[in-house]
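Down below is the structure, laid out as structure tokens.
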Amino acid sequence: MSRAPASRIRPRRRTAAALVLLTSLALVSASPPALAADPAAGPAAATGPAATVEEQRLERAVPQEILRRSGFDEAGRDFARALRRAGSYREAERSAARHGARLWDRAVDRAQGRGPARGDLSHDDDRPLYWARLAMTRELRTWEPGFPLSASARARLLERLERSSRGQDSMDFPRGGGYRRIVMTGFDPFTLDRDIRISNPSGAAALALDGAWIRTAEGWARVETAVFPVRWRDFADGEVERTLSAQLPRADVFTTVSQGRAGRFDIERFNGAWRGGFPDNENLSSTGTVPVADPASQPQWTATTLPYKEIVAASTGRFPVYDNTAVTEIPAGGVAEVVRPDGPTPGSTARRGGGGDYLSNEIAYRATLLRDRLGLDIPGGHVHTPVLEFGDGNTTEVTDPDFVRNRLDIVAQVRAIITVAADGA
């Protein structure tokens, strides 16, 4: 077997990927739609610095247990101390970037078995990153510095912290050729008010595969990953395009990944330009056409270019993999929604892509639309993982052996699927 083109041990790298600024600015939405509060979210927050709905969940017992049992419970406190020492905006900005990058690297190292093990949660767990990030954003959001800080300046600091702690600004492929480049994205946990113990296997896969070298039939491939929030507003603000506009032109294949249906993987063939309004992690809803720049040229549908036939046919793991072609549309000239098992009909209006009408569908739509608007001829599309399930009878514990096994199996199968995709690149 030939050696990988670089060390399999991921080097520390913290230089932000150079963004294609003109392209990025042209592709992000200029006017995001209004977001509606979910009726269950309670009264609006008071004016002034205040924790968000996501950050307020930190006080519950489960997040605190996850942070404590992973050793990530000090991340928020360390960042708070750094902020107290910051005597200027520049110092605060450096702290946000440094602590965010450190959190991402630490989560990646833990998932990939590097560094000292802390706590008794399994290393593949994505939840410590999520909750530790929220502890840090809460500190920054409610911080009262000793110098003037406008709302817009605080928002820029929060964005810097978010991007660096999600791996969005560090998707750096090694220089040189002789290998294939794979871009992959995952998501935060979501539906936390239904079950706050939830983990997202797509986020776990992103941590496990960031910087990984994968041996394919055609040689080595390098994977670079990032994680995205489950928030409508971030997508409307162009976070996907800002992150991927510099990456897709360098990629040989890309996959957006999220948690989908129980007991199965799906390769989503078609993505629709429609938001269905299901509340996000802030308990906000958004219904309407997916907001992108240049809506006059916006298509109702985009399609995968992943080698779905080869992926479905391959032996990638214990879960079955399906080529999902079903969509929901309003046919041309019609007014009622119609389910189409074999994809959209000409001139129809999107209501649900194969991946639904939530942010899974939207990231797939945005990434494939970006591919098309950049004129790229590369395999790319969306992979839905099985729902990550706890063991039978576990309704209170934050982990169990079946839960860990299911997550490890899903992550391993994601790796196998993107290997097949890279073989077809």
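The values are calculated or read from the model by the stated rules, or taken from the named source; none is laboratory data. Just so it is clear, the model here is predicted, and its values are computed rather than measured. Cβ: placed from backbone, ideal geometry, glycine included. Neighbour counts: every protein chain shown. The accessibility values were calculated without ligands, DNA or RNA, using every heavy atom of the protein model including side chains. Shrake-Rupley method; radii C 1.70, N 1.55, O 1.52, S 1.80 Å.
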Subject >> Filtered residue count, segment 219-239, keeping only those that are closer than 19 Å to residue 133 by Cα and either out of contact with any Asp or Glu (no Cβ under 6 Å at 6 or more places or on another chain) or small (Gly, Ala, Ser) (or both) >> reply: 6
Original post:
So which of 124, 188 ends up being open to solvent by less than 10 Å² (accessible area, probe 1.4 Å), under 23 Å from residue 397 (Cβ atoms) and of a type in the set (D, E, K, R)?
Top reply: 188
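Would you point out the residue of segment 230-269, among those that are of a type in the set (Phe, Trp, Tyr) and not in a strand (DSSP E or B), that is nearest to residue 287 (Cα to Cα)? Give the derivation first.
First pass over segment 230-269, keeping only residues of a type in the set (Phe, Trp, Tyr): 232, 235, 254, 265.
If we keep only those that are not in a strand (DSSP E or B) as well, we get 232, 235.
Details: 232: 10, 235: 13 Å.
Top of the filtered list is 232.
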**OP:** May I ask you to list the residues in segment 306-319 that are of a type outside the set (Phe, Trp, Tyr) and open to solvent by less than 60 Å² (accessible area, probe 1.4 Å)?
**Re:** 306, 307, 311, 312, 314, 316, 317
Original post:
When you go through (1) surrounded by fewer than 23 Cβ atoms within 10 Å (Cβ to Cβ); (2) part of a strand (DSSP E or B) one by one for residue 227, which number turns out not to apply?
Top reply: (1)
Original post:
Name the residues in segment 391-409 that are under 14 Å from residue 121 (Cβ atoms), open to solvent by less than 90 Å² (accessible area, probe 1.4 Å) and in a loop (DSSP other than H, G, I, E, B), would you?
Top reply: 398, 399, 400
Original post:
Just wondering, is there one or more residues in segment 306-321 that are polar (S, T, N, Q) and over 23 Å from the mean Cα position of the chain (by Cα)?
Top reply: yes
**OP:** May I ask you to list the residues in segment 199-230 that are of a type outside the set (A, V, I, L, M) and more than 15 Å from residue 165 (Cα to Cα)?
**Re:** 199, 200, 201, 202, 211, 213, 215, 216, 218, 219, 220, 222
**OP:** Would you tally the residues in segment 78-126 being hydrophobic (A, V, I, L, M, F, W, C), more than 18 Å from residue 204 (Cβ to Cβ) and part of a helix (DSSP H, G or I)?
**Re:** 8
Original post:
Which condition does residue 380 not pass, out of (1) crowded, with 22+ Cβ neighbours inside 10 Å; (2) more than 29 Å from residue 127 (Cβ to Cβ), if it passes all the others?
Top reply: (2)
Original post:
Do we find that residue 292 is farther than 14 Å from residue 369 by Cα, of a type in the set (Val, Ile, Thr) and not in a helix (DSSP H, G or I) in this structure?
Top reply: no
**OP:** State whether one or more residues within segment 143-154 are surrounded by fewer than 23 Cβ atoms within 10 Å (Cβ to Cβ), of a type in the set (Ser, Thr, Tyr) and not in a loop (DSSP other than H, G, I, E, B).
**Re:** yes
Original post:
Out of curiosity, is residue 356 open to solvent by less than 20 Å² (accessible area, probe 1.4 Å) and either under 30 Å from residue 192 (Cβ atoms) or β-branched (Val, Ile, Thr) (or both)?
Top reply: yes
Subject >> Matching residues in segment 326-338 - criterion: being open to solvent by 30 Å² or more (accessible area, probe 1.4 Å) and either aromatic (Phe, Trp, Tyr) or within 20 Å of residue 367 (Cα to Cα) (or both) >> reply: 326
Subject >> Subset of segment 339-353 [touching a strand residue (DSSP E or B) at 6+ places or on another chain (Cβ under 6 Å) and either open to solvent by less than 100 Å² (accessible area, probe 1.4 Å) or part of a loop (DSSP other than H, G, I, E, B) (or both)] >> reply: 340, 343, 344, 348, 349, 350, 351, 353
